[in-house]
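Enquirer: I have a structure here, written as structure tokens, and I will follow up with some questions on it.
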Amino acid sequence: MPSYEYKAVDKTGRPARGALEAVNEVDLELRLRRMGLDLITFRQVERQSRIFAAGGRITRQDLINFCFDMEQMARSGIPILDGLRDMRESMDNPRFRDVLTAMTEDMEGGKVLSQCMANHSTVFDNVFVSLVRAGEQSGQLPEVFKNLADNLRWLDELISQTRRLMILPLITLVVVLGVLIALLIFLVPQIAQLFKTMGLALPVQTQVLIVISGFMTQYWYVVFGLPVVVFVVLATAVQRSQRAAYMWDYAKLRLPLVGPTLLKIILSRFANVFALLYRSGITVLDAIKTSEDVVNNRVISDGLVRAGQQITAGESLSETFQNLGVFPPLVIRMLRVGENTGALDSALMNITYFYNRDVKESVDRAQKMLGPAMTLVLGGLLGFVVWAVLGPVYDILGKIKF
């Protein structure tokens, strides 16, 4: 279907701009009229041009603001269609404005909100759509949007903390490695030539350093090209082979220091989404199935598939999660108490709180430890280079008689 960029005015004379898909010019004018707009000018654009003109991507902050506005609108009793129209007019992000325009058209055509969102899977994922659908069915749409906003805000804070955690060590790593490479390629060969000319008996550490420097000088294309080749090969294998992708996800969970924190982040998000789904009226089996894509790790996802099969076979939720071997005993006890008391939703929210706190503490500890650890390791490498270079120099100075 062709795409059109248009200029129009509403009933009060305010200008409106946007892009719509329509069969032809007449269909475009009819669609705009249903939206309360009068067409002024238009031009047909290619689909790729429309995407380019739509500007940047839809950020997580855009979705947080959208959920907040939808929550307030639903609590105030404003019709969803009218609310979407108002949001579309005040939306700064051109791409999100196009999405809201398309959703408005779909709702005018008789679809409900969750169906409209499902047509934009790149913006609203499966969990988002499932929660909104459950909210529509249970009449708890304001609570669903509040939970979604809180979840997105928590995820945004977690990602921000992780970025802050990594930025300083990465800068330190780049600077120190740059200095080391410059020393090995430019300085060490000159000093090695000086030692060779003087006929000195070099210590072991200096000989090792000279060998490393010679290898980097002669085979620099291997030193710099091999990591790139390995990265490309591994990335291709992970994309094309399910087994390689599974092994990569397994390896990430087994990395020292990073693996345990990553596992906590995955389980925290799973518990959070599972609690939201269950509280919104979605059954346990459907919630587990929807959460399989949320964890973004094939090892945990396969475990959830097995959990669904065991629950279908008649096992309890707590026994099933205990068999997975990834949840700590405290979480299992929370689930068991929730099942026995009939307050599974409260137990799930407690698990969410438990993991949120644990992840935050883990990130804070890692942030305090990673910087000094990186400094210690890189400082040790620089110290080795200085020791290997200056050791023979001090020997030479010691033999000089004044």
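Enquirer: So, residue 160, is that one free of Cβ contacts under 8 Å to residues at least 24 places away in the same chain, polar (S, T, N, Q) and farther than 30 Å from residue 12 by Cβ or not?
Expert: yes
Enquirer: Let me ask you something else. Which of the following residues is in a loop (DSSP other than H, G, I, E, B) and crowded, with 17+ Cβ neighbours inside 10 Å: 128, 124?
Expert: It is 124.
Enquirer: Please enumerate the residues belonging to the stretch 275-291 that are free of Cβ contacts under 8 Å to residues at least 24 places away in the same chain and either part of a loop (DSSP other than H, G, I, E, B) or in contact with a strand residue (DSSP E or B) (Cβ under 7 Å, 6 or more places away or on another chain) (or both).
Expert: 283
Enquirer: When the residues of the stretch 284-328 are filtered to those that are small (Gly, Ala, Ser) and in contact with a Leu (Cβ under 8 Å, 6 or more places away or on another chain), which remaining residue is modelled with the lowest pLDDT?
Expert: If we take residues in the stretch 284-328 being small (Gly, Ala, Ser) and in contact with a Leu (Cβ under 8 Å, 6 or more places away or on another chain), then 291 is modelled with the lowest pLDDT.
Enquirer: For the stretch 216-241, enumerate the residues that are in contact (Cβ under 8 Å) with a residue 12 or more places away in the chain and not aromatic (Phe, Trp, Tyr).
Expert: 216, 217, 234, listed by residue number.
Enquirer: Answer yes or no: is there a residue in the stretch 219-228 that is more than 30 Å from residue 362 (Cα to Cα) and not in a helix (DSSP H, G or I).
Expert: Yes - at least one qualifying residue is present in the stretch 219-228.
Enquirer: Does the stretch 130-149 hold any residues that are charged (D, E, K, R) and closer than 21 Å to residue 292 by Cα, and which are they?
Expert: 133, the sole residue that qualifies.
Enquirer: Just one of the numbered conditions (1) part of a helix (DSSP H, G or I); (2) under 30 Å from residue 357 (Cβ atoms); (3) in contact (Cβ under 8 Å) with a residue 60 or more places away in the chain is not true of residue 209; which one?
Expert: (2)
Enquirer: Here's something else I'd like to know. Within the stretch 180-204, how many residues are surrounded by 15 or more Cβ atoms within 10 Å (Cβ to Cβ) and in contact (Cβ under 8 Å) with a residue 40 or more places away in the chain?
Expert: Adding up the residues that qualify gives 8.
Enquirer: Among the residues of the stretch 53-80 satisfying the criterion of being of a type in the set (Gly, Ala, Ser) and outside any helix (DSSP H, G or I), which is modelled with the highest pLDDT?
Expert: Among those residues, the one meeting the criterion is 77.
Enquirer: Can you work out which of the residues in the stretch 233-256 that are of a type in the set (Val, Ile, Thr) and under 21 Å from the mean Cα position of the chain (by Cα) is farthest from residue 299 (Cα to Cα)?
Expert: So, considering only residues that are of a type in the set (Val, Ile, Thr) and under 21 Å from the mean Cα position of the chain (by Cα), the one farthest from residue 299 (Cα to Cα) is 236.
Enquirer: A follow-up question, please. Which ones in the stretch 56-69 are within 14 Å of residue 151 (Cβ to Cβ) and buried (at least 18 other Cβ atoms within 10 Å of the Cβ)?
Expert: Within the stretch 56-69, 63, 64, 66, 67 meet the criteria.
Enquirer: Then there is this: For the subset of the stretch 329-338 comprising residues that are at pLDDT 80 or above and over 16 Å from residue 287 (Cα atoms), which member is surrounded by the fewest Cβ atoms within 10 Å (Cβ to Cβ)?
Expert: 329
Enquirer: On the given criteria, is residue 356 over 30 Å from residue 192 (Cα atoms), part of a helix (DSSP H, G or I), modelled with pLDDT of 80 or more and of a type in the set (S, T, N, Q)?
Expert: When the stated conditions are applied, residue 356 does not pass them.
Enquirer: While we're here: Return yes when residue 354 is in contact with a helix residue (DSSP H, G or I) (Cβ under 9 Å, 6 or more places away or on another chain) and under 26 Å from residue 316 (Cβ atoms) and no when it is not.
Expert: yes
Enquirer: Quick check: anything in the stretch 166-177 without any contact (Cβ under 8 Å) to a residue 24 or more places away in the chain and within 29 Å of residue 277 (Cβ to Cβ)?
Expert: no
Enquirer: Which one of 88, 50, 97 is of a type in the set (Lys, Arg), modelled with pLDDT under 80, in a helix (DSSP H, G or I) and under 17 Å from residue 19 (Cα atoms)?
Expert: Within the list 88, 50, 97, the selection yields 50.
Okay, residues lined up against (1) of a type outside the set (S, T, N, Q); (2) surrounded by fewer than 20 Cβ atoms within 10 Å (Cβ to Cβ):
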site	(1), (2)
219	yes, yes
300	yes, no
308	yes, yes
312	no, yes
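The values are calculated or read from the model by the stated rules, or taken from the named source; none is laboratory data. The shown structure was predicted, so the numbers you read here are calculated from the model rather than taken from an experiment. Methodologically, a virtual Cβ is constructed for each residue, glycine included, from the backbone with ideal geometry; neighbour enumeration extends over all protein chains shown.
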